[in-house]
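The values are calculated or read from the model by the stated rules, or taken from the named source; none is laboratory data. All figures in this text were calculated on a predicted structure; none of them were measured in a lab. Neighbour counts run over all protein chains shown; Cβ positions are idealised from the backbone, glycine included. Accessible surface is based on the protein model in full, side chains and every heavy atom, while ligands, DNA and RNA are left aside. Shrake-Rupley method; radii C 1.70, N 1.55, O 1.52, S 1.80 Å.
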Amino acid sequence: MKKVLIAAAVVAAGAAGYWVSQDKGASGEADLILASVPSDTPLFSAQLTPFPIKSYINSVSQNYQAYGDDVFAELEESEDTRAKFMLSLTQTYMESLESGEKFVSTFGLPEKMRSYFYTLGLLPVIKLEVEEPKAVWAVLDKAEKESGFTHEKKTVKGVEYRSYSMTDVGETETIDLLFAIADGILTVTFDSSFSQPETLETALGLAPVANSLADSGILNDIMKTHGFSGDGIGYLNHQEIVRAITTKDGNQLARQLTAFAEQEGEDPFAIVRSNECHTELSSIAANWPRTVFGVNNLSISDTKSHMELETIVESKNKLVLDALSSMRGFIPDYVSQSNSSVFSMGLGIDLNELVPSLTSIWDDMLTPQYQCQVLQEMQGEMSGQSPAMLGMFTGMANGVKGIAASVIDYKFSDDQDNPALESVDAIISLSADNPSMLFNMVKPFAPELADIELKDNGEPVDLSYLLPLPPEFGVKPKMAVKGNHLVIFSGEKGEAKAEELAAETLKSNGLYTATVDYGKMIMPLVALAELSGEPMPEELAMMKDYNMQLKMSLDINQQGIVFDSVVDNKATPAGQ
């Protein structure tokens, strides 16, 4: 049962596509769909402005054209017709990613489309614009033929839909996967024995919603608060989730969970469904009301795509945000700004502030005198521990602001008989108020470093004797103090980054940043595999056409905890 539901979720996620968002000039069609979404939905994300799906697939298709033979192994071995049905849909989806043209024609989509994903309590609803309904039915017909799994045709208020039973005959709880197309909109959703009859009508846009998302102002509030450009928006509502688990009928999700508990004869949330737990958990949720996400910048063509995405865990707890902000350390430019490296990572932590900040957060969590049993137990476990103990370990690293590393470039020799690593350009840096003092403090604990004398003028010291690699590897590490930074580097490019770092002063500019260029990471390995004359490993063959750069970061601002990501895809020209 679980495997079937997981497979269904995979197909649903693939069909939903990409979540992007509301524009101030959203069409009347978008407004009509929002009018059928209850404002108490726990989860919502959408593309309310036409997204260039055809061009986007063209820009990323090479990243998905190959996939391992074992990707669908578990489903292929199953004798369950439902699993085979999901396998067929998933394979069709993967095969359609060959090009944007094939993708839109396979599923009957317009070249630019809107899509929506939200939940009616627990049940997901996906809505997609379609141009050719026949293409959708053809995909489902093909899956039925290949699996032997069939649908039941049903009608509600004049709207016809296909219903696929995902549970076994005789099971108490029933779940059906539904497909319907009306007015150019494909709806994919589920119906269950624990949902109300009107839920299906709401999912199909046939029943009015008293308090809709269109009337709530929630989306405009998120855009105004976080400055999303209008190309993307979505959220997870923590307050509605808390209301659902602490009450029996506080919202649609609560009523569904209550109905499910009655069917099972046991309520898994009984321990928190008390007045005390409802009040105290609701108070916590009010301080952490939502996780919101959106697109800050979007640029898409047939040859490349650029997306800047942001996710924010909203917080109104100023004490916690101030404590987290004070922990922010230093991340070098070669991590945060460079797009020329294979891989870079920087952790910015001001160790002088780490223990005081964590202690402040700890004390804040222990201060309320909770009456809710679950919260009392949590506080009891926390009270026996304290982050102050970390002071014993951080004291020796006084003044440290961050650590970072980057593999800038690497290369294998072209000797077919004896291929080997020919060169590595890389850098590792420790940023601190007084890096020389820290190094001298460590020397007594590492005898191999005893003879190294670092000079404040930045003159490098050869570390080759500490890393006895064969000369043909071309790795000659050096250590130096460059301004406020202790660096270990290799290669001319590594040395150049070290020199640039010398001019960077310590500033609190982040908590964590990582970048990766999949093309630069994979190509030397592909060249080495081709040079060997042996069959290329399947995992490597799957990624040999990847041309994608990814940047991720974690930081704090006045609205909450911020996760940023930037994704760049480029299509490789034909013949290359």
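This table checks each residue for (1) among the hydrophobic types (A, V, I, L, M, F, W, C); (2) modelled with pLDDT of 90 or more; (3) in contact with a Phe, Trp or Tyr (Cβ under 8 Å, 6 or more places away or on another chain); (4) more than 24 Å from Ile312 (Cβ to Cβ).
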{"position": "Ser229", "(1), (2), (3), (4)": "no, no, no, no"}
{"position": "Gly250", "(1), (2), (3), (4)": "no, yes, no, yes"}
{"position": "Glu262", "(1), (2), (3), (4)": "no, no, no, yes"}
{"position": "Ser274", "(1), (2), (3), (4)": "no, yes, no, yes"}
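Which members of the range 65-106 meet the condition of being open to solvent by less than 20 Å² (accessible area, probe 1.4 Å), modelled with pLDDT of 90 or more, closer than 20 Å to Lys145 by Cβ and among the aromatic types (Phe, Trp, Tyr)?
The answer is Phe85, and nothing else.
Condition first: touching a residue at least 24 places away in the same chain (Cβ under 8 Å), under 30 Å from Ile522 (Cβ atoms), among the aliphatic types (A, V, I, L, M) and crowded, with 20+ Cβ neighbours inside 10 Å. Can you find one or more residues in the range 353-365 that meet it? Break it down into steps so the answer makes sense when it comes.
Going residue by residue through the range 353-365, those that are touching a residue at least 24 places away in the same chain (Cβ under 8 Å) are 353-362, 364.
Next, from what is left, pick out any that are under 30 Å from Ile522 (Cβ atoms): none.
For the range 353-365, residues touching a residue at least 24 places away in the same chain (Cβ under 8 Å), under 30 Å from Ile522 (Cβ atoms), among the aliphatic types (A, V, I, L, M) and crowded, with 20+ Cβ neighbours inside 10 Å: absent.
Considering only residues that are under 28 Å from Lys224 (Cα atoms) and open to solvent by less than 30 Å² (accessible area, probe 1.4 Å), which ones fall in the range 272-289?
Within the range 272-289, Ala285, Pro289 qualify.
Going by the conditions given, is Ser436 touching a residue at least 24 places away in the same chain (Cβ under 8 Å) and of a type in the set (S, T, N, Q)? Spell out how you get there, then give the answer.
Numbers: touching a residue at least 24 places away in the same chain (Cβ under 8 Å): yes; of a type in the set (S, T, N, Q): yes.
Yes.
Please state which one of Thr225, Thr199 is crowded, with 20+ Cβ neighbours inside 10 Å and either β-branched (Val, Ile, Thr) or touching a strand residue (DSSP E or B) at 6+ places or on another chain (Cβ under 6 Å) (or both).
Thr199
If you go through the range 214-252, how many residues are among the charged types (D, E, K, R) and in contact with a helix residue (DSSP H, G or I) (Cβ under 8 Å, 6 or more places away or on another chain)? It would help to see each step written out before you state the result.
Here is the first cut: in the range 214-252, the ones among the charged types (D, E, K, R) are 215, 221, 224, 231, 240, 243, 248-249.
From what's left, in contact with a helix residue (DSSP H, G or I) (Cβ under 8 Å, 6 or more places away or on another chain): 240, 243, 248-249.
Counting residues in the range 214-252 that are among the charged types (D, E, K, R) and in contact with a helix residue (DSSP H, G or I) (Cβ under 8 Å, 6 or more places away or on another chain) gives 4.
Filter the range 307-353 for residues that are of a type in the set (Asp, Glu) and assigned to a strand (DSSP E or B) and give the result. Give the steps one after another, and end with the answer.
Let us first name the residues in the range 307-353 that are of a type in the set (Asp, Glu), namely 308, 310, 314, 322, 333, 350, 353.
The answer is Glu308, Glu310, Glu314.
Could you check how many residues of the range 534-569 are part of a loop (DSSP other than H, G, I, E, B) and among the small types (Gly, Ala, Ser)?
Of all residues in the range 534-569, those part of a loop (DSSP other than H, G, I, E, B) come to 534-537, 544-547, 558-559.
Add one more test, that the residue is among the small types (Gly, Ala, Ser), and what stays is none.
Number of matching residues: 0.
Conditions: (1) of a type in the set (A, V, I, L, M, F, W, C); (2) crowded, with 20+ Cβ neighbours inside 10 Å; (3) farther than 25 Å from Lys551 by Cα. Val487 meets all but one. Number of the miss?
So Val487 meets the others, but not (3).
Just checking, which of Leu319, Leu390 is closer than 27 Å to Asn275 by Cβ, surrounded by fewer than 16 Cβ atoms within 10 Å (Cβ to Cβ) and touching a helix residue (DSSP H, G or I) at 6+ places or on another chain (Cβ under 6 Å)? Can you show your working first?
On the way: Leu390 fails: closer than 27 Å to Asn275 by Cβ.
Testing whether each residue is closer than 27 Å to Asn275 by Cβ, surrounded by fewer than 16 Cβ atoms within 10 Å (Cβ to Cβ) and touching a helix residue (DSSP H, G or I) at 6+ places or on another chain (Cβ under 6 Å) leaves just Leu319.
Pairs please, first residue from the range 406-420 and over 20 Å from Val342 (Cα atoms), second anywhere and open to solvent by less than 100 Å² (accessible area, probe 1.4 Å) and in a loop (DSSP other than H, G, I, E, B), Cβ atoms under 8 Å, 6+ apart in sequence or on different chains.
Gln416/Gly533; Pro419/Ser413
Looking at the range 496-521, which of its residues are in a helix (DSSP H, G or I) and within 22 Å of the chain's Cα centre (by Cα)? Show your work before the answer.
So the first thing to find is which residues in the range 496-521 are in a helix (DSSP H, G or I), and the list is 496-502, 518-521.
Once the filter is applied, which keeps residues that are in a helix (DSSP H, G or I) and within 22 Å of the chain's Cα centre (by Cα), the range 496-521 yields Tyr518, Gly519, Met521.
Scanning the range 228-256 for residues that are among the hydrophobic types (A, V, I, L, M, F, W, C) and buried (at least 21 other Cβ atoms within 10 Å of the Cβ), which turns out nearest to Glu198 (Cα to Cα)? Spell out the reasoning first.
Going through the range 228-256, the residues among the hydrophobic types (A, V, I, L, M, F, W, C) turn out to be 228, 233, 236, 241-242, 244-245, 253-254.
Retained after the next criterion (residues that are buried (at least 21 other Cβ atoms within 10 Å of the Cβ)): 228, 233, 242, 244, 253-254.
Working: Phe228: 34, Ile233: 27, Val242: 24, Ala244: 19, Leu253: 14, Ala254: 16 Å.
Among them, the one singled out is Leu253.
I need the helices (runs of 4 or more DSSP H) fully contained in the range 372-481, keeping only those with at least 1 residues that are at pLDDT below 80 and closer than 30 Å to Leu554 by Cβ.
Values: elements: 373-383, 391-394, 435-442.
Passing ranges, in order: 391-394.
Residues of the range 399-433 being open to solvent by less than 90 Å² (accessible area, probe 1.4 Å) and over 32 Å from the mean Cα position of the chain (by Cα), which ones? It would help to see each step written out before you state the result.
Filtering the range 399-433 down to residues open to solvent by less than 90 Å² (accessible area, probe 1.4 Å) leaves 399-410, 412-413, 415, 419-433.
Correct list: Gly399, Phe412, Ser413, Asp415, Pro419, Ala420, Leu421, Glu422, Ser423, Asp433.
Could you tell me whether Pro535 is free of Cβ contacts under 8 Å to residues at least 12 places away in the same chain and either more than 30 Å from Lys316 (Cα to Cα) or not acidic (Asp, Glu) (or both)? Show your work before the answer.
Values: free of Cβ contacts under 8 Å to residues at least 12 places away in the same chain: yes; either more than 30 Å from Lys316 (Cα to Cα) or not acidic (Asp, Glu) (or both): yes.
It is true that Pro535 is free of Cβ contacts under 8 Å to residues at least 12 places away in the same chain and either more than 30 Å from Lys316 (Cα to Cα) or not acidic (Asp, Glu) (or both).
In the range 292-323, how many are hydroxyl-bearing (Ser, Thr, Tyr), at pLDDT 95 or above and touching a His at 6+ places or on another chain (Cβ under 7 Å)? Give the steps one after another, and end with the answer.
Applying the first criterion (hydroxyl-bearing (Ser, Thr, Tyr)) to the range 292-323 yields 299, 301, 303, 305, 311, 315.
Cutting the leftovers down to at pLDDT 95 or above gives us 311, 315.
This time we only want the ones that are touching a His at 6+ places or on another chain (Cβ under 7 Å), so: none.
So the answer is 0.
Matching residues to (1) at negative phi; (2) open to solvent by 20 Å² or more (accessible area, probe 1.4 Å); (3) in contact with a strand residue (DSSP E or B) (Cβ under 7 Å, 6 or more places away or on another chain):
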| position | (1), (2), (3) |
| --- | --- |
| Lys145 | yes, yes, no |
| Lys157 | no, yes, no |
| Gly170 | no, yes, no |
| Gly184 | no, yes, yes |
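Can you find a residue in the range 324-334 that is in contact (Cβ under 8 Å) with a residue 24 or more places away in the chain, open to solvent by 40 Å² or more (accessible area, probe 1.4 Å) and among the aliphatic types (A, V, I, L, M)? Full working, then the answer.
The first filter runs over the range 324-334 and keeps only residues in contact (Cβ under 8 Å) with a residue 24 or more places away in the chain, leaving 324-334.
Narrowing further to those that are open to solvent by 40 Å² or more (accessible area, probe 1.4 Å): 325-326, 328, 333.
Filter once more, so that each one left must be among the aliphatic types (A, V, I, L, M): none.
Looking for residues that are in contact (Cβ under 8 Å) with a residue 24 or more places away in the chain, open to solvent by 40 Å² or more (accessible area, probe 1.4 Å) and among the aliphatic types (A, V, I, L, M), one finds none in the range 324-334, hence no.
Which of the residues spanning the range 291-301 are crowded, with 16+ Cβ neighbours inside 10 Å and either in a loop (DSSP other than H, G, I, E, B) or without any contact (Cβ under 8 Å) to a residue 60 or more places away in the chain (or both)? Let's see the steps before the verdict.
Filtering the range 291-301 down to residues crowded, with 16+ Cβ neighbours inside 10 Å leaves 291-296, 298, 300.
Residue satisfying the conditions is Thr291 alone.
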